[in-house]
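Below is one structure, written out as structure tokens; comments come after it.
The values are calculated or read from the model by the stated rules, or taken from the named source; none is laboratory data. In this text, all values refer to a predicted model and were calculated from it rather than measured experimentally. A quick note on method: Cβ atoms are made from the backbone with ideal geometry, for glycine too, and the neighbour counts reach across all protein chains shown.
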There are 2 protein chains.
Amino acid sequence: MAEEEVKNKQVIFRDYITGLPKESDMHMTTDKIISLKLPKGSNGVLLKNLYLSCDPYMQILMKTIEGPSVFTSYTPGSVIMGNGVAKVIDSGHPNIKKGDFVWGTIGWEEYSLITTPEALFKIDHTDVPLSYYTGILGTPGLTAYVGFHEVCTPKKGEYVFVSAASGAVGQLVGQFAKLMGCYVVGSAGTQEKVDLLKKLGFDEAFNYKEEHDLDAALKRYFPQGIDIYFENVGGKMLDAVLLNMRNYGRIAICGMVSQYNLEQPEGVKNLMQLLYKRVRMEGFVVFDYHPHYSKFLASVLPYIREGKITYVEDIVEGLENGPSALVRLFKGRNVGKQLVVVAHE
Amino acid sequence: MAEEEVKNKQVIFRDYITGLPKESDMHMTTDKIISLKLPKGSNGVLLKNLYLSCDPYMQILMKTIEGPSVFTSYTPGSVIMGNGVAKVIDSGHPNIKKGDFVWGTIGWEEYSLITTPEALFKIDHTDVPLSYYTGILGTPGLTAYVGFHEVCTPKKGEYVFVSAASGAVGQLVGQFAKLMGCYVVGSAGTQEKVDLLKKLGFDEAFNYKEEHDLDAALKRYFPQGIDIYFENVGGKMLDAVLLNMRNYGRIAICGMVSQYNLEQPEGVKNLMQLLYKRVRMEGFVVFDYHPHYSKFLASVLPYIREGKITYVEDIVEGLENGPSALVRLFKGRNVGKQLVVVAHE
């Protein structure tokens, strides 16, 4: 092993799964040696990884995906990929230099060699916690921002419902909606999460696991009906929401986490409501909105600095605890944005 | 009975139904006497009805409708209401005069007294068949036009699928799509209807009842996938279409006729595709688009006069045959727009 070479601790994806991911679907290795200097002539970048993001979509990538899709499955035997924040330790790219911080798709490993650094975002503002670029200032933040402002086309005073509302995206959708003067209710799966939502300024919040009749629960919180539903869960919740939509309502489909691990997705029965109420239901994928990132940042950074938006993180220390953190997210045990610290800066 | 009074033959709605409507859910009466002169001071209009439209939504009105809705159920014991064409025989309204022809919501009866004539459309162009104002130049025509052009936002060369394609709306959506330079496939429930679709210029057509695997059928006709789905049927067809949508596809929900008579609607399982493919699915109701009527007429009348659009009608003679014509429509036995002649002009 040459002087500039180190063993690179990595989290490896074992093989395609069915059902809920388990820790044993991943394993740690230090078999790979990595040089901390780029090969001569490379225009890639070499990263020291700091924070890794645990995201619901990652369980989709652990399965075989049928048909053409915006998602590409992980390769068995390869390192898990995901969003993260890293420090540049060597660069062959003209716009990125050693010492810069970046965020984007990196490996679940101590060091990543990225051959397409154009896909990374350079971090220009370091007066806020760097971990925020896995959340409020990264993909979940942009997702919440464009999903709410572009797809939901909200108006002041509208009635907004957010499911999985304490998660990385949901907690922001609710706060964006409050900043716009909407009435906002969130659902979550534990009392602790419900309490958190109220602290974050949601008008109301409820634990969906304690409601036998979701339709009745929604009618209680939305006697006038729902203008905007920010959909993160799918299945029974969507069916109940459909019964409570108002005329010209909008449903932005960000995810359907309750469906990812079912053999067969649940059937949604109340789609006739889309017709009766002239509702628009639209799926969106944040990748399509990367050009909105500067506008988003200019809008959200002042809110963070002025304390008008709070972001709650659930932080696990150590790459070796990555697999358990990921499984924790899939089981809904995290409170707030789940992330893993690989190294402090 | 005074000189100006006549017995008014009417089709009466018996009582709320479940399941498929039967002829016996309606009955004929001539109990009501109607004056052929308006009462003094009335600003309504008195109509001699000519053509009545049989429309799929009418079976929804025969049931109790739960919750707030754009639809209002029929009242048991009252006359069936629907779209139709009529001649004005007396008028108290400044903009409508005796001898004018109008179309809009009228009763299933020989004569209708309309107290809100503002809701009627005056017929300015009588060089085309008057019956067309129950179809291509009436609500189904406007539905097809705004549903396709406004909700589906089509582009030249896109791949368009229309279900219930030989119906009052579907046959026009297909022809509008062809006029825009799209590739169009329609589905219908008999070989006769399939043959009709090909005559109307659809690129392909198939009998859904002869396809065991709708997903496979759609993959055969749309190897590249579907950009636009004009939804008239719902249920299994929608589930199969979802699997075949292309990125940024659009689904306009005009109706879900396969679901109207089920105790429980079928569950639609493939909604995750809306997310994967960033598809927009939107319900629309033609009433919201009445301001588009003049633009629509200016666009479609020349096509009719130049023979660039064909409109197929399935005409039944006599109000007393109205109930059987309506049931025929609900059973899918009509070929083309189903209508009833009450009186020739």
Looking at (1) farther than 30 Å from A:GLU282 by Cα; (2) in contact (Cβ under 8 Å) with a residue 12 or more places away in the chain; (3) not in a helix (DSSP H, G or I), can you tell me which one B:SER131 breaks?
(3)
Considering every residue within region A:241-256, establish whether at least one is under 24 Å from the mean Cα position of the chain (by Cα), among the β-branched types (Val, Ile, Thr), outside any loop (DSSP other than H, G, I, E, B) and more than 21 Å from A:THR139 (Cα to Cα).
yes
Just give me the residues in region A:300-343 being basic (Lys, Arg) and farther than 21 Å from A:PHE13 by Cα, in sequence order.
A:ARG305, A:LYS308, A:ARG333, A:LYS337
Name the single residue, out of those in region A:177-198 being touching a residue at least 40 places away in the same chain (Cβ under 8 Å) and not in a strand (DSSP E or B), that is surrounded by the fewest Cβ atoms within 10 Å (Cβ to Cβ).
A:GLU192
Pick from region B:239-269, criterion more than 8 Å from every other protein chain (Cβ to nearest Cβ) and polar (S, T, N, Q), ranking: nearest to B:GLY283 (Cα to Cα)
B:SER258
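Table: residues versus (1) within 14 Å of chain B (Cβ to nearest Cβ); (2) over 23 Å from A:LEU137 (Cβ atoms); (3) in contact with a Ser or Thr (Cβ under 7 Å, 6 or more places away or on another chain).
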position: A:LYS178; (1), (2), (3): no, no, no
position: A:CYS182; (1), (2), (3): no, no, no
position: A:VAL185; (1), (2), (3): no, yes, no
position: A:ILE226; (1), (2), (3): yes, yes, no
position: A:MET237; (1), (2), (3): yes, yes, yes
Only helices (runs of 4 or more DSSP H) wholly contained in region B:270-339 count here; list those with 1 or more residues that are within 14 Å of chain A (Cβ to nearest Cβ) and among the hydrophobic types (A, V, I, L, M, F, W, C).
B:272-276
Could you list, in sequence order, the residues of region B:55-67 that are touching a Ser or Thr at 6+ places or on another chain (Cβ under 9 Å) and either outside the structural domain of B:GLY104 (by TED's automatic domain parsing) or of a type outside the set (Val, Ile, Thr) (or both)?
B:ASP55, B:LEU61, B:MET62, B:LYS63
Can you name the number of the only condition in (1) among the polar types (S, T, N, Q); (2) within 18 Å of the chain's Cα centre (by Cα); (3) outside any strand (DSSP E or B) that B:THR64 fails?
(2)
Need the failing condition index for B:ALA343 against (1) of a type in the set (A, V, I, L, M, F, W, C); (2) out of contact with any helix residue (DSSP H, G or I) (no Cβ under 6 Å at 6 or more places or on another chain); (3) away from chain A (no Cβ under 14 Å); (4) not in a loop (DSSP other than H, G, I, E, B), just the number.
(4)
Kindly check whether there is at least one residue in region A:156-170 that is under 25 Å from A:ARG305 (Cα atoms), of a type outside the set (Phe, Trp, Tyr) and part of a helix (DSSP H, G or I).
yes
Restricting to region B:119-132, name every residue that is over 21 Å from the mean Cα position of the chain (by Cα) and closer than 13 Å to B:ILE96 by Cα.
B:ASP124
Would you check which residues across region A:105-125 are in a loop (DSSP other than H, G, I, E, B) and among the acidic types (Asp, Glu) and list them?
A:GLU110, A:ASP124
Just one of the numbered conditions (1) closer than 20 Å to A:TYR57 by Cα; (2) free of Cβ contacts under 8 Å to residues at least 60 places away in the same chain; (3) in contact with a Lys or Arg (Cβ under 9 Å, 6 or more places away or on another chain) is not true of A:MET256; which one?
(3)
Given the criterion modelled with pLDDT under 95 and either of a type outside the set (S, T, N, Q) or in contact with a strand residue (DSSP E or B) (Cβ under 9 Å, 6 or more places away or on another chain) (or both), identify the matching residue among B:TYR248, B:TYR260.
B:TYR260
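Hey, can you tell me all the residues within region A:212-240 that are part of a loop (DSSP other than H, G, I, E, B) and either touching a residue at least 12 places away in the same chain (Cβ under 8 Å) or closer than 21 Å to A:PRO265 by Cα (or both)?
Passing the criteria: A:HIS212, A:ASP213, A:PHE222, A:GLN224, A:GLY225, A:ASN232, A:VAL233, A:GLY234, A:GLY235.
Here's the yes/no breakdown for (1) surrounded by fewer than 23 Cβ atoms within 10 Å (Cβ to Cβ); (2) acidic (Asp, Glu); (3) part of a loop (DSSP other than H, G, I, E, B); (4) outside the structural domain of B:GLU23 (by TED's automatic domain parsing):
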position	(1), (2), (3), (4)
B:SER73	yes, no, yes, no
B:GLY77	yes, no, yes, no
B:GLY84	no, no, no, no
B:LYS87	yes, no, no, no
B:TRP103	no, no, no, no
B:ASP127	yes, yes, yes, no
B:TYR145	no, no, no, yes
B:PHE148	no, no, no, yes
B:PRO154	yes, no, yes, yes
Of the criteria (1) surrounded by fewer than 19 Cβ atoms within 10 Å (Cβ to Cβ); (2) modelled with pLDDT under 95, which one A:LYS308 fails:
(2)
Only residues that are within 22 Å of the chain's Cα centre (by Cα) and farther than 13 Å from A:GLY44 by Cβ: list them for region A:87-103, please.
A:LYS87, A:PHE101, A:TRP103
Which residues, counting only those in region B:1-55, are more than 14 Å from B:ILE80 (Cβ to Cβ) and aromatic (Phe, Trp, Tyr)?
B:TYR51
Mind checking which residues of region A:282-305 are crowded, with 21+ Cβ neighbours inside 10 Å and either farther than 18 Å from A:PHE230 by Cβ or free of Cβ contacts under 8 Å to residues at least 40 places away in the same chain (or both)?
A:GLY283
